[in-house]
1. Can you tell me which residues in segment 153-212 are free of Cβ contacts under 8 Å to residues at least 24 places away in the same chain and of a type in the set (D, E)?
2. Could you grab the pairs with beta carbons closer than 6 Å, sequence gap of 6+ or different chains, first residue in segment 112-134 and part of a loop (DSSP other than H, G, I, E, B), second one modelled with pLDDT under 95 and surrounded by 15 or more Cβ atoms within 10 Å (Cβ to Cβ)?
3. Checking D66 against (1) acidic (D, E); (2) in contact (Cβ under 8 Å) with a residue 24 or more places away in the chain; (3) over 30 Å from S196 (Cβ atoms), which test does it fail?
4. Any residue in segment 132-142 that is more than 26 Å from L347 (Cα to Cα), among the small types (G, A, S) and surrounded by fewer than 18 Cβ atoms within 10 Å (Cβ to Cβ)?
5. Can you pull out every residue in segment 70-90 that is assigned to a helix (DSSP H, G or I) and without any contact (Cβ under 8 Å) to a residue 40 or more places away in the chain?
6. Among the residues of segment 163-191, write down those that are within 26 Å of Q346 (Cα to Cα) and either of a type in the set (S, T, Y) or exposed (fewer than 15 other Cβ atoms within 10 Å of the Cβ) (or both).
7. Please work out if G273 is in the same structural domain as A151 (by TED's automatic domain parsing), over 24 Å from W84 (Cβ atoms), at pLDDT 95 or above and not β-branched (V, I, T).
8. Pull out all pairs, ordered by first then second residue, where Cβ-Cβ is under 9 Å, the residues are six or more apart or on different chains, the first lies in segment 260-287 and is in contact (Cβ under 8 Å) with a residue 40 or more places away in the chain and on the phi > 0 side of the Ramachandran plot, and the second is assigned to a loop (DSSP other than H, G, I, E, B) and polar (S, T, N, Q).
Amino acid sequence: MTQAQSRTDATEDDGTTPHPGSASGMRARYTAGFLRWWRPKGMWRRGIVTGAVALVLAIVMFLHADVPNRIGNLGSLLETFLPWLGLLVPVLLAVAVVRRSATALIAVLLPAVVWLNLFGGLVGGKSRPGGDLMVLTHNVNAGNPDPDGTARDLVAAGADVVALEELPESQQTRYARDMAAAYPYHSVQGTVGLWSKYPLHGVHPVDIKMGWTRAMRAAVSTPHGQVAVYVAHLPSVRVKFDAGFTAGQRDRAANALGQAIATEPLRSVVLLGDLNGTMNDRALASVTSQMRSTQGAAGNGFGFSWPAKFPMARIDQILVRGIDPRSSWTLPKTGSDHLPVAARLQLP
């Protein structure tokens, strides 16, 4: 055999190599090209900074309870907006892909796992049918330009018990008038009020160490027994450049509210109100440690309630003790800067 014949035979298609113009040949070329793009030299060395940022993010989320409050209540500020740290995960993932860094890709898995462990249960729906008592709470905003429309929206929601916070004295008679037909029983204590389809007993203000009344307690006589209902509007918090997260007065009020609820003699207890803090905020532990969030137990999603135009945190809370939450949700925007929140409860 001549050398020319040998070269010809060596280049003949033996049936195992895909033709370059065939579909399998094009796939082979694309696969090879992708692997050359994705496996560049230094894929394990590049992306170190991105990986380090991902590691720090995972540590901050995992150890959020250990971030100190001594300086500007930094821990409480972090915990207020903790779910939003998850938005950094897809950003870091995109950077890792663009950088073609295997190290960064693996590192990004850490904050993703931590976030899912903290908040994955809130992503899906946990609501169940049933419930024999519907409750609703709403910070109506003292500067509400349409209190009558807000009252109509609340009545239309059909709750059995409605709590209102930030009720200015000048508007209390308007809310009472607009809601009287649906709620024959109501009481206003200071700047908070309770409207009910069922009789109220043992109504009194609750001292939360503010110098004026922003919390109350009442026993609601439902067809399924008495329920102690607390309404509270804890002090506002501010983020100041020179002082950090100023929440001292809110924290003291939360402790006083927690002490009052701890001594409640009735088995079934509901807390409705604007707590100016989330369930993750350690400063509210005196309250949250002894009650369950209806949103956390039976809500769909995060249920952010403030600010109404673009909700970023759930500071309006419905908490229960000795009661089974069945569903929890936010209602459409009213004239307030907060969204109303509601829940269906199964009484024992």
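1. Listed by number, the list holds a single entry, E169.
2. Listed by first residue and then by second, the contacts come to S127/N300.
3. Here D66 meets the rest and fails (2).
4. Initial filter on segment 132-142 (more than 26 Å from L347 (Cα to Cα)): 140-142.
Remaining after also requiring among the small types (G, A, S): 142.
Next cut, surrounded by fewer than 18 Cβ atoms within 10 Å (Cβ to Cβ) only: 142.
Yes, segment 132-142 has at least one match.
5. Matches in segment 70-90: L78, L85, G86, L87, L88, V89, P90.
6. A180, A181, Y183, P184, Y185, S187
7. Details: in the same structural domain as A151 (by TED's automatic domain parsing): yes; over 24 Å from W84 (Cβ atoms): no; at pLDDT 95 or above: yes; not β-branched (V, I, T): yes.
Criteria not met by G273.
8. Short answer, once both residue conditions are applied: N276/S236.
The values are calculated or read from the model by the stated rules, or taken from the named source; none is laboratory data. Computed from a prediction, not measured in an experiment: that's the story for all the values here. Cβ sites come from the backbone with ideal geometry, for glycine too, and all protein chains shown count toward neighbours.
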